[in-house]
Each structure stands twice: as C-alpha cells, then as structure tokens.
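Only one structure is covered here, and it is reproduced in the block below.
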Amino acid sequence: MKRIGMVLLVVCQLIVAARANDGSSLWLPREKNEVASTLVRGSQGTALDELRTYYKGPMPVRMKLEKNALQGDAYRIVVTTRQIELTASTSNGLLYAAFDLLRMQQLGDIRSKEEHPAFDLRLINHWDNLDGSVERGYAGKSILYPALSDRMADYARANASLGINGIVINNVNASPKMLSEEWLEKVCVINSYLERYGIRTYLSINFASPMALGGLPTADPLDPQVRQWWREKVDAIYRLMPNFGGFLVKANSEGQPGPGDYQRSHADGANMLAEALQPHGGIVMWRCFVYGANHKGEDRVKQAVSEFQPLDGQFLPNVILQTKNGPLDFQPREPYSPVFDQITKTPNMVELQITQEYLGQSRHLVYLAPMWKEFFSFVSPQRLRGIAGVANVGLDDNWCGHHFSQANWYAFGRLAWNPGLSAEAIAREWLKLTFTRDEAFVNPMTEVMMASREACVDYMMPLGLHHIFQFDHHYGPDPGGFKPDYPLEWCPVYYHQADSLGVGFNRSSTGTNATSQYREPYRSQYDDLSTCPENLLLWFHHVPWGYKMKSGRTLWEELCAHYDRGVAEVDRFHEVWQQMRPLVLLADKDDSRRWQEVEDRLQHQQQNAREWRQTCLDYFRSFLGAPQ
Ligand code: GCV
C-alpha cells in the first residue's frame, strides 16, 4: 500500500513538473486554436499560419499584399465593425502585422494603426562559437552549434514577432572554419529556419580566412589573390543562400587579425569585402571597437574616434560602421560614444548588449531599456542606419537564464522597431504578455523594472565609476585589480585612478581631453567639473574626496549614499517580488517554478549587491587620509 502511495506521489510530481511553466514560451501566445481558424484570409505563408494558429477573435481577418502601399517593412492594420484588414507591401510587413495583431489580442486592445520601422537593419548578433560555447553567454550552451537546437523554429519566430530582420549567427571573434564548405552547409540549414520568418543570415568573418582556409601566404586586402579569394567565397555563399545579408567584422581588436597587420587601413579592409558583396546586394558591418594596437598610451575611450574619424568618407556605400553605445565597453553607465558625433559621412549602426556582461549577467534583475533610451536621448535614431543587439539566449529552458532577462531581448526588439516607445510602456507590455494582465502585478513590477538599472549602477559603479570588475569573467567587484602582465586598459586601477587626493579619470581638457571629441553643448558641459552631470562625474574628472556635491554631501559621503541606495533598492525589489507570489499563482497555478527561480536569483542579487558595496567602499576608504 505504502509503495503504491509512493508511486502515485512520484507520478503526481512528474505531472506537476511537466505542466509547470518554465518560461520557454516567452512573450508569445501560448494557446493554439484546436482547428486552424478559417476566419483568416490571405496567401502569405508564415503570416497566415501564425494567424490561423493563434488568432482567436470573432472578426474575419484579411491580409493584403499591395505593392507600393507602404514602404519596406511597414504595415497598416484597419479595424472596422466588419473585419480586420492587414496591408503591407512586403511579406515581411504582413508578418509583422500578424504578430502585432496577436500581441494586441493578448493585451486585450485591438485597434487600427500604421507602423513604420525606424531602422532598416534590426539585427541580433550572436557571440556563439562553433564548439557550442557562447562568449559572454549566461544561459547555457549555444542554440546553434555544434548541433542545431530543435528550438530553432521557435527562436526565429520569437525574433520575427519583434520585427528583427537579420541575425549574425557567429561570434565576432570568428573562426575561419565558418567559411569552410562543411560549415557553410550548416549555415544553410540555419538560414532555412530564419528565412521562413523573414530574417536574413549574416556571418562574422575572420579577416585572415584567406590564409587559414585558402592557404594563401597573406590576407593583405590590397593583394589581388586575396581579393579574388574573397570574391569567390562570397559568390559561393550567394549560390547557397541568395538572400544572404553580409559580413560583420571585428578587425585589429583584442588580437583579431585585420588590415592593420599589413599597414592597411580599416577602409582598405572593409572596402575589399564590400566590393565582393556589392554585386549581390550584401553589406559589411565594420566594428569600431578597437583599442590598443595603434594608439599605445592614448586614453582607451578616445581611440575609436582617433582611428576612424580620419577615414570617414573613404568607405564604400555598402559599408556601415558598427559602434557600441558607449566609448568603453557596455558598462552600467557610460556617456554615449563620440563616434556618433564624429562619423558623419559613413552610415552608422549602434551595437547594444542584450546579454548583461557587466550588469549582473543572468543573475541580476536589471531591465536595460532605460539605459538604451538614455543613449537615444543623446544620439538621434535618425543618425543610424541600423541597430544590433548582442544576444542573451542559450539552451536554458527559459532561453535567457533569468526570466526577467527575456524582457531585455523583448525590449531590444521593440526599440529596434520603434525607439520612440517608452521603456515603461515596453515593460508593462512585456509583463502582461509574459505573466499576467492583473494591474496589481503589472504596476509594482513595472516600477521595479524601471528602477532596476539605476539600482545596479548604484551598487556597482555610481557617479561615473567604470570597469572595476573582476578580470576575465567580469562578474563581481575588483577595484584594486592590477596585473603587471596585462594591458593597462584591462586593469580596474587604470579606470578609477583613486589616490589620496580623490578619485576618477581626468578626461577633461586638463587631462586626456576626451571631452573634445563630443559635440557641443556636451563638450563644454562634460569638460567643466561644475557642469558635468554628477552621474558621469568620475568618468570625466578626478574629483577631491571632500568635493561638495549638489546634495551638500562630500564626494565620499555621496559615494557611500549611492552604494547604500543600490543595496536598499534590491532589498525592496525582493520584498515586492515576495508580495507578487499569490498574484503570479492566481494567474497561472502552475507558475510556481518561475516565481521560485526569480526569487532565488533576487536573493543572490541581494548578496552580490552587498559584496559590491563592501568591497568598493573598503577599497576606496583606504585612500582617505592616506599620506599625499
Ligand atoms: C566578443 C568585450 C568582451 C569580449 C568581446 C569584446 C567585443 O571585451 O569582454 O568578450 O568579444 O568586448 O565586443 O569584441
């Protein structure tokens, strides 16, 4: 009897486990129609399938592909008393309209609208390696390599639901193998999944591929044989995938090969590839993330402008310069990158990082949309041809490691479509689609999400501090970090420059003069200690410990107050989450797993925030009153 009871218990547990919401369905509709809806008319394959499977309304839906009705991927939804009509000029446009209709259905608010994407290029960048590891990936192994995950169709669908229209499928630290025949066949398979959802495939390339793969003695971009090798390779790629998008290149950066190895410029390198791609309509996205090699001794944050500004105007029209939002490297807060002020003749793309390399990885709840909106408040979307986001997905059940990290993927896609949306509106939307429409849940959790980035800045690196992470894994504090055998630009002590007088990096005109790379009014504003925004103070100035801040506190007191505030905020987020438990379960009684997983991570975040405060304040305190 006892044994039967045990067996029953195990079976029940298995059933519960099988039904538990693991977060894998993301923000997408969960319930399919039992029979494909006949209310939907139109001939466009994927959009039609999507609506037939998930559209539940009583009104008939008609899809119209009308050449020249609207530009590019734009679409129109017209709701009348008799029907809902979706119109676009491209099948992608109709697909986005279908997903929008489904989103409105889930939100309970179907209305007429016309939508135009802000950027032509809305790309996800994978930093996935062919062995299945993911550089700065915090959600398990790669979904792409070495074998393709069976979630590939779901992945393409999730991206298309946001309007993503391109994916760079391998790490910018690229293996030359990617261009081998064997791997290109695998690329074709990935491409077939993406293509169905209107997504183009792009590849990161290794600049030395003609040597590593083609056996040539050089990869010099002006060498005729090298140029021929690239032309033939590109032709071969387009024979396999006529819709192929182009290349992303990290060259002469962090040890990657590039044209500089042959005393050639970035323009020489980019133009060689652009020439090969041009006949097929392909593009080159050339990254401006460079430091070290050519500018030894120059302030790292100035080097991209020093390197690329003199080349502006020399690039072929199908080259786009891709630059990180800030001049350093995806820190919790950076000023915008002055590359966007200085490059005026070449198209620009911004690279954002969805994966939270420096913002608690997949262990902290940090909603990134407010940070990206901050960037757009300095750099107008109109200055950009495209936008790229470094992916945060892996094989974890919930795709992103932290359930709330899904919100960053979602927000990236929504802002890539429309950077004018507010971070708050996106958070609300995501919470409703992903958890519940219950306002008693949505309101407090929106507030938590909106406060989370500033809290992270406060408990990690307030007032413009930056890059004081532990080496290698970039998780946790190490303000005293210094290794004599490492480049100085990797060492935390180089960035905060703390001494007995004060703390911060003098990048004003009395220091490295990085402020001079900014357009007015920012140049003057940042240059002057009294007008520099306090949230960037230690980025631009070396400030005395006793300096009077706007609050009336000294700099030291203010620093302590920020760290305290950051820790208190995370404690508050945890309290709110605990209050949310009944609401999460009320909406879905099988949702205890998600609630618990977020709970566990919030507890960890509380500990980690305390570790940051303690380590940083103990370290900086040691300079106070030290002999000068
Ligand atoms: C892909 C930072 C990251 C590296 C990354 C690099 C880049 O340095 O830590 O992992 O490499 O940026 O963006 O190229």
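Each principal axis of the Cα cloud of the range 177-244 was taken in turn, and the coordinate range along them, longest first, works out to 40, 18, 17 Å.
When both the range 30-102 and the range 208-228 are represented by their alpha-carbon centers, they are found 48 Å apart.
Mean separation of Cα pairs under 8 Å and 6+ residues apart, divided by the residue count of the chain: what relative contact order is that in percent?
Reported relative contact order: 12 percent.
Spin-label model, residue 473 to residue 438: label points 7 Å out along the Cα-to-beta-carbon direction sit 3.7 nm apart. Across the range 582-590, computed HN-Hα scalar couplings (Karplus, 6.51 cos²θ - 1.76 cosθ + 1.60, θ = phi - 60°) run x, 6, 5, 6, 5, 6, 7, 5, 9 Hz from first to last residue, x flagging Gly and Pro. Dividing the helix sum by the residues of the chain, where each DSSP H run of 4 or more adds -39500 (n - 2.57), gives a mean residue ellipticity at 222 nm of -12500 deg cm²/dmol. Modelled spin-label separation between residue 295 and residue 53, with each label point placed 7 Å from Cα along the Cα-to-Cβ direction: 4.7 nm.
Distance from the alpha carbon centroid of the range 496-549 to that of the range 277-293 works out to 33 angstrom. Relative to one another, the C-alpha centroids of the range 456-477 and the range 586-613 are positioned 21 Å apart.
Once the convex hull of the C-alpha atoms of the chain is built, how many Å³ does it hold per residue, rounded to a whole number? If you can, show how the numbers build up before the last one.
Values: hull volume 117.0 nm³, N = 628.
That works out to 186 Å³ per residue.
Modelled spin labels at residue 499 and residue 196, positioned 7 Å past Cα toward Cβ, are 6.3 nm from each other. Using the empirical formula 2.2 N^0.38 Å as the baseline, the Cα radius of gyration of the range 409-561 reaches a ratio of 1.28.
Converting phi to 3J(HN,Hα) with the Karplus coefficients 6.51, -1.76 and 1.60 and the offset θ = phi - 60°, the range 390-400 yields 6, 4, 10, 9, x, 7, 3, 3, 8, 6, 10 Hz in sequence order, with x at every glycine or proline. Accessible surface computed residue by residue for the range 75-117, with neighbouring protein chains in place and a 1.4 Å probe, gives 39 Å² per residue. Of all trypsin sites (Lys or Arg not before Pro) in the range 396-450, which ones are in loop regions per DSSP and have a Cβ with at most 16 other Cβ atoms within 10 Å? In loop regions of the range 396-450 (DSSP not H, G, I, E or B), the sparsely surrounded trypsin sites (Lys or Arg not before Pro) are 437. Residue 409 exposes around 10 Å² of accessible area when a 1.4 Å probe is run over every protein chain in place. In order along the range 96-110, the Karplus-derived 3J(HN,Hα) couplings, from 6.51 cos²θ - 1.76 cosθ + 1.60 at θ = phi - 60°, round to 5, 5, 4, 5, 5, 4, 5, 5, 5, 4, 5, 7, x, 8, 8 Hz, and Gly and Pro are given as x. The residues of the range 465-608 expose on average 43 square angstrom of accessible surface per residue, using a 1.4 Å probe on protein heavy atoms. Compared with the direct C-alpha span, the chain from residue 621 to residue 523 gains 32.1 nm at full extension, assuming 0.36 nm per residue. For the residue pairs 250/373; 324/345; 56/432, the C-alpha atoms sit more than 20 angstrom apart in 250/373. As a fraction of the 1.4 Å probe accessible area of the chain, surface on carbon and sulfur atoms comes out at 51 percent.
Rounded to the nearest angstrom and listed largest first, the equivalent-ellipsoid semi-axes of the range 43-115 from its Cα gyration tensor are 18, 13, 11. Heavy-atom accessible area for residue 134, with the other protein chains in place and a 1.4 Å probe, reaches approximately 30 Å².
The values are calculated or read from the model by the stated rules, or taken from the named source; none is laboratory data. All of these numbers come straight from a predicted model, not from anything done at the bench. Positions of Cβ are generated from backbone atoms using ideal geometry, with glycine treated the same way; all protein chains shown enter the neighbour counts. Ligands, DNA and RNA are stripped out before the accessible areas are found, and what is left, the full protein with its side chains, is counted by its heavy atoms. Shrake-Rupley method; radii C 1.70, N 1.55, O 1.52, S 1.80 Å.
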